[in-house]
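One structure below.
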Amino acid sequence: VSKYAAMIGESEIYDKRWTASTDIPMMDVAVSGKLHNGGFQPGFTVIAGPSKHFKTGFSLEFAAAFQRKFPEGIVIFYDSEFGSPPDYFKSRGVDMDSVVHIPITNIEDLQFDISAQLENIERNEPVFIMVDSLGNLASKKEREDMLKQDIKADMSVRAKAFKSFFRVITPLLNLKNIPMFGIAHVYDTMEMFSKKVVSGGTGMMLSADNVWIVGREQYKEGTEIKGYNFNINIEKSRFV
């Protein structure tokens with residue numbers, strides 16, 4: 001019998017969930033539907049979009065909010081793209097002394113390490129997980145096929161590896177009360193009026209509590225470009 005078994009009205013799985021607020025009110029609205037006392041909770045959030053769309057920046061804002069909520073907490077950063085130097089973390093207000101950096105090269109390595117970490121974490125321990133990125137991770141077989149110069153590689157293996165990954169970690173995140181933020185990529189559909197779709201298969205979409213597709217538009221004064229507005233399109237949410 002599960003140690004968490006209880007009458008649903010008294011279940012600790014639905015109780016004692018904390019909320020951490022960012023310094024950007026509309027980000028809190030986008031993850032909770034609340035302007036006042038809003039913010040993110042434990043669970044899985046996907047932030048997807050094209051390159052240079054501030055995806056990592058959004059994730060680091062959440063990491064900084066987590067550290068303000070739990071000054072003794074630990075941020076576990078799984079890194080496959082190596083495009084976020086320490087200065088980027090510092091610029092968003094993240095305390096680097098509490099960030100554990102774990103380089104990864106394939107989906108299986110991520111699955112094995114994150115599963116081991118979650119098994120050893122007690123429920124409600126202050127841990128924040130960030131993966132940059134899920135969208136660019138290869139499978140172990142994909143890498144082995146490339147080393148063998150096998151041009152007939154079965155790309156369905158990657159999709160199966162992703163589904164397995166999300167089947168394993170989703171219940172652990174919720175049982176342990178851990179937030180995880182994953183950066184993902186998007187592609188355009190081939191319809192007459194194409195739309196952005198998150199890459200990574202159905203497993204990611206089914207597991208996520210929140211899925212953002214980040215858009216961008218130019219901010220001008222007259223004809224001069226002064227910067228960009230980043231738009232959060234809520235593709236999926238259990239709260240909004």
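The values are calculated or read from the model by the stated rules, or taken from the named source; none is laboratory data. These numbers come from a predicted model, not from an experiment. As a convention, Cβ positions derive from the backbone with ideal geometry for all residues, glycine included, and neighbour counts pool all protein chains shown. These area figures cover heavy atoms from the full protein model, side chains too; ligands, DNA and RNA do not enter into them. Shrake-Rupley method; radii C 1.70, N 1.55, O 1.52, S 1.80 Å.
What the table below lists for this structure:
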{"quantity": "Residue tally, condition aromatic (Phe, Trp, Tyr) and either within 22 Å of Asp113 (Cα to Cα) or in a strand (DSSP E or B) (or both), over the stretch 72-99", "calculated": "3"}
{"quantity": "Residues that are part of a strand (DSSP E or B), open to solvent by 60 Å² or more (accessible area, probe 1.4 Å) and either of a type in the set (Gly, Ala, Ser) or within 18 Å of Gly135 (Cα to Cα) (or both), drawn from the stretch 100-123", "calculated": "Pro103"}
{"quantity": "In the stretch 17-44, residue surrounded by the fewest Cβ atoms within 10 Å (Cβ to Cβ) [restricted to those that are touching a residue at least 24 places away in the same chain (Cβ under 8 Å) and aliphatic (A, V, I, L, M)]", "calculated": "Met26"}
{"quantity": "Residue list for the stretch 56-86, filter: small (Gly, Ala, Ser), over 23 Å from Arg143 (Cβ atoms) and in contact with a strand residue (DSSP E or B) (Cβ under 9 Å, 6 or more places away or on another chain)", "calculated": "Gly57, Ser59, Ala63, Ala65, Gly73"}
{"quantity": "Only listed residue being within 18 Å of the chain's Cα centre (by Cα), under 26 Å from Tyr14 (Cα atoms) and β-branched (Val, Ile, Thr), chosen from Val214, Val198, Val168", "calculated": "Val168"}
{"quantity": "Residues of the stretch 45-83 satisfying the condition of being of a type in the set (S, T, N, Q) and surrounded by fewer than 20 Cβ atoms within 10 Å (Cβ to Cβ)", "calculated": "Ser51"}
{"quantity": "Single residue of Phe181, Phe165 found to be among the aromatic types (Phe, Trp, Tyr), touching a residue at least 60 places away in the same chain (Cβ under 8 Å) and surrounded by 21 or more Cβ atoms within 10 Å (Cβ to Cβ)", "calculated": "Phe181"}
{"quantity": "Selection count, the stretch 45-79, where residues are under 21 Å from Leu173 (Cα atoms) and of a type outside the set (A, V, I, L, M, F, W, C)", "calculated": "12"}
{"quantity": "Unmet criterion (only one of (1) assigned to a loop (DSSP other than H, G, I, E, B); (2) touching a residue at least 24 places away in the same chain (Cβ under 8 Å); (3) over 18 Å from the mean Cα position of the chain (by Cα)) for His53", "calculated": "(3)"}
